[in-house]
Amino acid sequence: MKTAILGMALAILLFSACNSGIKDTGDTDKSNDTRQTGSTTKTVEALSPTKRIVTEYLSLKNALTKDDDKTAAQTGKSLVEAISAVDKASLSTEQSKVFTDIADDAKEHAEHIGANAGNIKHQREHFETLSQEIYDLVKSGGSPSQKLYYDNCPMYNNGKGGNWLSETKEIQNPYLGKGMPTCGSIKEELN
């Protein structure tokens, strides 16, 4: 009888040890949240407020590379929402300072882009200043776990040049669009 009880206790202990590969660390700040809905399991990525800004900015850049002023306008409006949604209390001290410095100007430029479907030249003028502001935000730690490239087109604005952020190493020029899509070079890699 003692052998049977001891054998069952060992089996339970072994079974418990094998199933404890997943540990709860007590960390409540999880970037991925897995939820069971019906018969499917979905992984939901929690986006930080600055991550959403960068995502919207990159969508805007991609629309301009395709000379798509309508999508650029829609994305400009989404970028305004993303900037407005930021809770500065959730940012680091440095990020909060940079965000405070750029938020109003970035919103204004995104609003101009959003209001100017049909005038891609004007959208690109505002994109140039917006790009510098988003670059400053990213440099302060505003794009965790995403590699970005800070690119330059030397021909934009009558040879004065223009910079932008990109998620790809390949040059996709938002200032010259389809006319000269690969004009430019990488100035800096941001991790």
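Checking the conditions here, which among Lys66, Lys160, Lys61 is under 19 Å from Leu176 (Cβ atoms) and either among the β-branched types (Val, Ile, Thr) or free of Cβ contacts under 8 Å to residues at least 24 places away in the same chain (or both)?
Numbers: Lys66 fails: either among the β-branched types (Val, Ile, Thr) or free of Cβ contacts under 8 Å to residues at least 24 places away in the same chain (or both); Lys61 fails: either among the β-branched types (Val, Ile, Thr) or free of Cβ contacts under 8 Å to residues at least 24 places away in the same chain (or both).
Every option except Lys160 fails the conditions.
When Thr93 is tested against the conditions (1) modelled with pLDDT of 95 or more; (2) out of contact with any helix residue (DSSP H, G or I) (no Cβ under 9 Å at 6 or more places or on another chain); (3) within 19 Å of Ser140 (Cα to Cα), the lone failure is (1).
Only one residue in Leu130, Leu165, Leu176 is surrounded by 14 or more Cβ atoms within 10 Å (Cβ to Cβ), of a type outside the set (Phe, Trp, Tyr) and under 13 Å from the mean Cα position of the chain (by Cα), so which one is that?
On the way: Leu130 fails: under 13 Å from the mean Cα position of the chain (by Cα); Leu176 fails: under 13 Å from the mean Cα position of the chain (by Cα).
After ruling out the rest, the residue left standing is Leu165.
Within the range 48-68, being over 13 Å from the mean Cα position of the chain (by Cα), surrounded by fewer than 21 Cβ atoms within 10 Å (Cβ to Cβ) and either among the aliphatic types (A, V, I, L, M) or farther than 16 Å from Ser131 by Cβ (or both) holds for Lys66, Asp67, Asp68. Residue check: Thr71 meets all listed conditions (1) crowded, with 17+ Cβ neighbours inside 10 Å; (2) touching a helix residue (DSSP H, G or I) at 6+ places or on another chain (Cβ under 9 Å) but one, namely (1).
Number of residues in the range 81-90 that are at pLDDT below 95 and out of contact with any Pro (no Cβ under 8 Å at 6 or more places or on another chain) equals 2.
Only a single item in (1) in contact with a Lys or Arg (Cβ under 7 Å, 6 or more places away or on another chain); (2) not in a helix (DSSP H, G or I) is not met by Leu64, and it is number (2).
Pick out, from the range 105-191, the strands (runs of 3 or more DSSP E) lying fully within it that include 1 or more residues that are over 20 Å from Glu56 (Cα atoms) and at pLDDT 95 or above.
Numbers: elements: 148-153, 162-166, 185-190.
Here the list reads 148-153, 185-190.
In the set Thr75, Thr55, only one residue is part of a helix (DSSP H, G or I), touching a Phe, Trp or Tyr at 6+ places or on another chain (Cβ under 9 Å), at pLDDT 70 or above and of a type outside the set (A, V, I, L, M, F, W, C); that residue is Thr75.
The values are calculated or read from the model by the stated rules, or taken from the named source; none is laboratory data. On a predicted model such as this, the values are computed, not experimentally measured, just so you know. Glycine gets a Cβ as well: all are built from the backbone with ideal geometry, and neighbour counts include every protein chain shown.
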